[in-house]
Amino acid sequence: MALVIDIAVIIPRRLIAMKAIVGGVRYDCIVECLYMKKEYYFLLLILIIAGALRLTNLTTTPPGLYPDEAMNGNNALEAISTGNFKVFYPENNGREGLFMNIQAGFIVALGNYPWVLRLPSALFGILTVLGIYFMTREMKLGNAFFSGSNRSNKMFGLDKNEFIALAAAFLLAITFWHINFSRIGFRAIMAPFFLVWSVYFLLKALRENSKLIWSFVGGIIYGLGMYSYISYRTTPLLIGVILLIYMRRAWLGGWLKKFFASAFIYIACSIIVFVPLGLYFLHNPADFLGRTTQVSVFSSQTPLKDLSENVVKTLAMFNLQGDGNWRHNISGAPELYPIVGLMFLLGIAISVGALLSRHRPKAEPIIIYSAFLSGFLPVVISNEGIPHALRAIIMIPPVIVLAALGLAGFYEYLSKHISIKTIDLGVISVAVLLVVQAYVSYFIIWAQNPNVPGAFAQDYVDMANEVNRLPLSTPKVIVVTSSDTSLRGFPLSLQTFMFLTNSWKPEEQKSNNFIYIKPEQVSGFVVPEGAVIRFIN
């Protein structure tokens, strides 16, 4: 294939073009890599940090494989073998099917290993960092809260909107809360991804002179979010608030027709994408709420008391007492690092101040708090494991945006008292410290804690690895001592072993020489000659 590269220098330098002829087809592209705006260099650096914190040692950290992850993997393996990729998998209290179907593609390409189930989460996590940058930039928080209020009208040499957007991306990149779930094979990590990107495209679509294509893209992404995690189903509250705010702006600005066209396309595309899952719920209404009804605060004998306690505990999780589950968190540690937590509180103060002020825009803080409330409600109405970092995962974007707003507010305050150069040096120093803290928190404090392997069923992984080393001809008798037979006659805890030994389906058990014995079958069972027997609880 012929390749001819001709670089032409044109003034101004932003018009430098690289022309390439590949296989007789000519392509023109603008060479922005050398002359792009400096904010994109910062964004690239942030994405590198996000990638490093989410991909480093993914094959070994977290250890083990939690049964919920393995259940996803077994559903994916079954979908691969049968070709039946479902919109909803009813086992294990029911799960929207998109994530398992994506995992299936990775298994086909890379094999059925724990890290393969987790790789999609890491990629969704990295792309969420990129998405929160674009979403926050589109919100133009610098204009809303700090327009023309310091002597340089810049922050870190950047436009204020860019600074806040980059701050949000950086804070998300280094936050343990998001790093942790970006490295576990749970579908929940998709929820913040779909939220930030769908809101970004919605805000972009609702500008007066925007193209309708953004409504199509945003609506499709928002609809796909319904296939991510159950807490995502509260986000119509946020979308409704955004639409009402922009409808008022369109009415005052005289572009209502354009608004209704954009809103209609966005909503219509969302509904069309949701239809397959909606039809499933129509025929299986019990699966719509799933386990929510089992853990609902309203099933309690003291619902108001429990709801009040849940509200307090959830609000305290950011700065005081976080999730105590080692699988979700450094047990009991606040979900935000101390510096980030302080910025979060300052962001709340700034946004509340804007709501109470006669001279500040109200729309932006209302949007932020609508997003916060959308994520807050599914957590506080549940009555299990509060505070619950996983169930609160969709709160991460608004919390991080508030922290970025707080950082900008602190920068604004300091700029009135000390030199910009000193402040910028401080920003760099704090950023470096936060990256170090992120690494130490996850890879040393959390990953090396002796409680973590048990939280991810490392013992089942060890047993599976031992059995996998046996010859195929050796009968493997697995005695299941648990009486919990909730998943096709077997306990959920067995999913880890079954996934790693490829013995989930009966035909796979036969071909790989596995025999699973339930407690009631033990007394009359004749052990095959040369069999290896293992007990699993």
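The values are calculated or read from the model by the stated rules, or taken from the named source; none is laboratory data. Just so we're clear, the structure is a prediction, and the values are computed from it rather than from any experiment. Methodologically, a virtual Cβ is constructed for each residue, glycine included, from the backbone with ideal geometry; neighbour enumeration extends over all protein chains shown. What goes into the accessible areas is simple: the full protein's heavy atoms, side chains included, and nothing from ligands, DNA or RNA. Shrake-Rupley method; radii C 1.70, N 1.55, O 1.52, S 1.80 Å.
Data table
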| item | result |
| --- | --- |
| Phi-based couplings in Hz for region 180-193 (Karplus 6.51, -1.76, 1.60; Gly and Pro marked x) | 4, 6, 7, 10, 10, x, 9, 5, 4, 5, 6, 4, x, 4 |
| Sequence ranges 311-320, 401-410, 261-270, 248-257, ranked by mean other-Cβ count within 10 angstrom, highest first | 401-410, 261-270, 311-320, 248-257 |
| Among Tyr133, Leu256, Ala173 - extreme Cα towards positive end, dipole of the chain, charges at beta-carbon | Leu256 |
| Cα centroid of region 297-330 to Cα centroid of region 205-242, whole Å | 29 Å |
| Magnitude of the charge dipole, the chain, Cβ model with Lys/Arg +1 and Asp/Glu -1, debye to 20 | 1900 debye |
| Leading residue at positive end of dipole, the chain (Cβ point charges), from Val527, Asn161, Phe274 | Asn161 |
| Relative contact order, percent, the chain [alpha-carbon distance under 8 Å, six or more residues apart] | 17 percent |
| Solvent-accessible area per residue for region 241-281 (1.4 angstrom probe, square angstrom) | 56 Å² |
| Region 36-57 versus region 102-170: alpha-carbon centroid distance in Å | 10 Å |
| Within region 413-499: Cβ-based charge dipole about Cα centre, in debye rounded to nearest 20 (Lys, Arg +1; Asp, Glu -1) | 260 debye |
| Sequence of Tyr222, Tyr66 when ordered by accessible area, the most exposed leading, probe 1.4 angstrom | Tyr66, Tyr222 |
| For region 317-331, Karplus couplings with θ = phi - 60° (6.51, -1.76, 1.60), whole Hz, Gly/Pro x | 5, 6, 10, 10, 10, x, 4, x, 7, 5, 6, 9, 6, 5, 2 |
| Rounded, prolate or oblate (a/c below 1.5 giving rounded, otherwise prolate when a/b exceeds b/c) for region 326-411 by Cα gyration tensor | oblate |
| Bridge type composition, the chain - antiparallel percent by DSSP, nearest 5 | 65 percent |
| Computed over the chain, Cα set: Rg, Dmax in Å | 25.8, 87 |
| Percent RCO, i.e. relative contact order, over region 56-195, from Cα pairs under 8 Å lying at least 6 residues apart | 29 percent |
| Proximal aspartates and glutamates to Lys505, defined as alpha-carbon separation beneath 18 angstrom and excluding residues fewer than eight positions away on the same chain | Asp68, Glu69, Glu78, Glu91 |
| Interchain or long-range residues, amide H under 5 Å from Met155's placed H | Lys160 |
| Electrostatic dipole magnitude of region 212-319 [Cβ: Lys, Arg +1; Asp, Glu -1; Cα centre; debye, to 20] | 400 debye |
| Computed [θ] at 222 nm, deg cm²/dmol, the chain (DSSP H ≥ 4; -39,500 (n - 2.57); rounded to nearest 500) | -18000 deg cm²/dmol |
| Which listed pairs, of Lys154/Lys313; Lys154/Lys204; Lys38/Lys362, have C-alpha distances above 26 Å, in listed order | Lys154/Lys313; Lys38/Lys362 |
| Region 359-369 - phi-based ³J(HN,Hα) in whole Hz, Karplus 6.51/-1.76/1.60, Gly and Pro as x | 10, 10, x, 9, 4, 4, x, 5, 5, 4, 6 |
| Set of aspartates and glutamates near Lys140 by C-alpha distance (under 20 Å), chain-local residues within fewer than 8 positions excluded | Glu39, Asp159, Glu162, Glu208, Glu364, Glu412 |
| Linear extension gain, Ile418 paired with Asn512, 0.36 nm per residue minus alpha-carbon span | 26.8 nm |
| Convex hull volume per residue for region 404-447, taking Cα atoms only, in Å³ | 65 Å³ |
| Rel. contact order, % - alpha carbon contacts under 8 angstrom, at least six apart, region 132-223 | 29 percent |
